[in-house]
Amino acid sequence: MNLPAGQQLAVLNSTHHAVADHGLHTVCEEARCPNLNDCWSRGTATFMVAGKECTRGCRFCSVETLRNPEPPDANEPEQLAAAVERMQLEHVVITVVNRDDLADGGASHYKRCVEVVHERLPAVTIELLSSDLGGDYESLRSLLSGIPLSVFAHNVECVPRLDRSVRDPRASFAQSLGVLWRAKVLRKDLLTKSSIMIGLGETNKEVTDSMRQLRGAGVDMLTLGQYLAPGRPGERYLPVDRFVPPEQFQDWADEARALGFSAVASGPLVRSSYRAGLLLSVARQSLQHPK
């Protein structure tokens, strides 16, 4: 991948300053995303709210784990809105850390971040990449009640068989699937989205079966990407089981569209928020003009 230069480099630097000056965190940095230069040079970033430490310890993620992180910053919603305005974004992705230490799983803080951005910038479309809120239905209902979202996203991360080896014991494919299904029941107007990592030990058939389960839960949008271990050998991170060729990712994309997903991004460097604004546009167009 070519490094940004000229105007793209200027935009990347501007994005960096907008994030740093407002004391914000991005999943781009904390999760060491390989697309950081590409996205930041386009003036897009995925903000991570409620702190930079997570209460869970999944074995694919480089975000630091703490049992009791600092309380969420009450000023974060306003700082987030200011950064989105400064960057002149048309679509913003807000992702979160798990906050199992909070009574509502962090739902009220997540919601306030979305609301303040919308109040300040009503034309900006907003995507929330949410935690599972511990599977608590009331927290999910409270989060989604009246929230000005275009996309509610939550990642199943891996195929069901690999839950125990990949994800924190408090997470599971079944729990995540339930969150996505309930979100659709609570807010039929919202597009829902999820993501699967490839290269953790799954079979091709398990990927297809997982896609079918997601579509069965009403999920509209899907991303699939290659898992890349974020740390050094010997650390807590899982090793890469296999590297999948681009042709296989294309086959899965074709399968996903045949299953009825309205928008799909599938490729080795695709991540859950990869070109999220474009994917939203594709999904809306597909739903308006079904084949």
Q: Write down the radius of gyration of the range 130-205 and its Dmax, each obtained from C-alpha positions, in Å.
A: 13.2, 40
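By how many nm would the segment from residue 185 to residue 287 lengthen if fully extended, with 0.36 nm per residue of separation less the alpha-carbon distance?
Details: separation 102, 0.36 × 102 = 36.72 nm, distance 1.79 nm.
Extra length available between residue 185 and residue 287 comes to 34.9 nm.
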Q) What whole number of Å gives the distance from the Cα centroid of the range 117-146 to the Cα centroid of the range 213-291? A) 22 Å
**Q.** Extension reserve of the residue 235-residue 64 stretch, reckoned as 0.36 nm per residue once the Cα distance is removed
**A.** 60.3 nm
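What is the packing order of peptides 148-160, 53-65, taking the mean over residues of other C-beta atoms within 10 Å and listing the highest first? Spell out each step's value before the answer.
Numbers: 148-160: 22.8, 53-65: 18.7.
The packing order, highest mean first, is 148-160, 53-65.
Are there GluC sites (Glu not before Pro) in the range 176-279 that DSSP puts in a loop and that have at most 12 other Cβ atoms within 10 Å, and which ones?
Working: sites: 202, 206, 235, 247, 255; in loops: 202, 235.
Sites meeting the loop and neighbour criteria: 235.
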Q: Give, in nm to one decimal, the length gained when the segment between residue 205 and residue 119 is fully stretched (0.36 nm per residue of separation minus the Cα-Cα distance).
A: 26.5 nm
Q) So, in nm, how far is label residue 138 from label residue 90 when the simple model puts each one 7 Å beyond its Cα toward the Cβ? A) 4.2 nm
Q: Sequence neighbours fewer than 8 away in the same chain don't count; with that in mind, list the lysines whose C-alpha is under 28 Å from residue 52.
A: 111, 193
Q) Which semi-axis lengths, in whole Å and largest first, follow from the square roots of five times the eigenvalues of the Cα gyration tensor of the range 202-291? A) 27, 15, 11
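Ranked highest first by average number of other Cβ atoms within 10 Å, how do 264-271, 163-170 line up? Intermediate values should be presented prior to the final figure.
Values: 264-271: 20.9, 163-170: 15.8.
In descending order of packing, they fall as 264-271, 163-170.
Here, each number is a calculation from the coordinates, and none is a lab measurement. Worth saying up front: this structure is predicted, and the values here are computed from it rather than measured. Positions of Cβ are generated from backbone atoms using ideal geometry, with glycine treated the same way; all protein chains shown enter the neighbour counts.
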